[in-house]
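Visitor: One structure is given below, represented as structure tokens, and several questions about it will come after.
The values are calculated or read from the model by the stated rules, or taken from the named source; none is laboratory data. Just so it is clear, the model here is predicted, and its values are computed rather than measured. Neighbour counts run over all protein chains shown; Cβ positions are idealised from the backbone, glycine included. The protein model used for the area step is the full one, side chains on, heavy atoms only, and it has no ligands, DNA or RNA in it. Shrake-Rupley method; radii C 1.70, N 1.55, O 1.52, S 1.80 Å.
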Amino acid sequence: MNLFSSINEGLKAINKNYQLLFIHFAFLFVLFFGLFFVLSIPLGIMFIGFGIDFTDILKGNFIEIIISSINLFKKFLLFALIFLLTLVFYLIFIVSLWVYMFGGTLGILYNYLEKNLSFNFRDFHKYGKKYFWKVAFYSVFSALLFLVFLFTIGLLNDLSQYLLGIFKNYSHSLTVFFSVFFYLSLLLVGFCAFILWISLTLIGYYNIFHKNLSSVNAFREAKKLIINKPQFLLRSLILFIIYLLTGGFIISMSSIFAVIPNLGPILAAIYQFLTQFIQVYITLVIFATFFAFYLRLEKSSQEPFQADNISPEEVLPPVQTPPHEGTPPQSETQNP
């Protein structure tokens, strides 16, 4: 299956299951306004209250100021602890909601691409609840793998800076050459590591749904598939470039509306609202496209294996021996 047919299937999958767009857009709405209420309102109350109490403290003498400051510190320390606990619970809620929503989204996409079943909230809830912990564990594992990649690139950067410090003692031109060489090499290594990471992550998620594997086994299957089918990395690279180009073009269009006098800021604000919806659409299409290519490649790799396992007796019809011409057929009963 080529890339264009995969993109076509991804577009069909999202268009037929358009309810996923509104679910993800509602998640962004909850994420933004939830963070606004959790951060802005308590902090505003704290600063206003602190300002009023601090003004009252300064009206007393030195000893009263010290005693009131201690009481104020205890009061706002308790408020700060409550604020931190609220923020932690909010982060846990947002992460749990994302895991549930992402599991349900992948389940709906798998249902459509594999079984041609459209969106059903019952199926969405079933997949989100059934694969919640598997998706959560694999997300944590993927995040740790990303940190390992960042740590490795950081070590390579420190090594390159150490070598450049040695080269500075000998030749300026050699230092400039190797500084450009190390910079481009690190940029290439980092980009390749990112493409490898996103490929392992997506294939691992799809292995969880397609083969019902655990997080560790899903990663092993993803690693094996990339080793056997390295074209996955090329597909990931092309899809990521398409995502960057389309997203960059959509974002750049907002500057055109901002130039328009009077109505420009209003149109730019409305366009920013639509941009978020379009970004959700493009992201889901990329996920569905990668999933479609993965499923079709799995089927194409299984068909030759099934064909090789067919025995010759199952392929060839049974050979019937023709009767001999010289011997007449004998009757089953012979007269004595």
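Visitor: Of K115/K299; K126/K229; K16/K223, which ones are farther than 25 Å apart at the Cα?
Guide: From the list (K115/K299; K126/K229; K16/K223), the Cα-Cα distance tops 25 Å for K126/K229; K16/K223.
Visitor: Taking square-rooted eigenvalues a ≥ b ≥ c of the alpha carbon gyration tensor, is region 71-210 rounded, prolate or oblate, where a/c under 1.5 means rounded and, failing that, a/b exceeding b/c means prolate?
Guide: oblate
Visitor: With a 1.4 Å probe and every protein chain left in place, tell me how much accessible area W197 has, in Å² to the nearest 10.
Guide: 50 Å²
Visitor: Sort R296, R122 from largest to smallest accessible area, using a 1.4 Å probe on the heavy atoms of the protein chains.
Guide: R122, R296
Visitor: Additional query: Among T201, T283, what's the order by accessible area (1.4 angstrom probe), most exposed first?
Guide: Correct descending sequence by accessible area is T283, T201.
Visitor: While we're here: Arrange the residues F178, F249, F4 by how much accessible surface each exposes, largest first, with a 1.4 angstrom probe.
Guide: Result, largest first: F4, F249, F178.
Visitor: Note down the accessible area of V189, probe 1.4 Å, to the nearest 10 Å².
Guide: Its heavy atoms expose roughly 70 Å² to the probe.
Visitor: Describe numerically, in nm with one decimal, the distance between label points set 7 Å from Cα along Cα→Cβ at K224 and at L186.
Guide: That separation, rounded to one decimal, is 3.7 nm.
Visitor: Take L245 and L85, extend 7 Å from each Cα along the Cα→Cβ direction, and tell me the distance between the two endpoints in nm.
Guide: So the label points at L245 and L85 sit 5.3 nm apart.
Visitor: Moving to a separate point now. Starting from the eigenvalues of the Cα gyration tensor, five times each then square-rooted, give me the equivalent ellipsoid semi-axes of region 153-256, largest first, whole Å.
Guide: Here the semi-axes work out to 36, 23, 11 Å.
Visitor: Taking the Cβ of Y131 as the centre, find all other residues whose Cβ is under 14 Å away and add up their charges (Lys, Arg: +1; Asp, Glu: -1).
Guide: Net local charge, Y131 excluded: +4.
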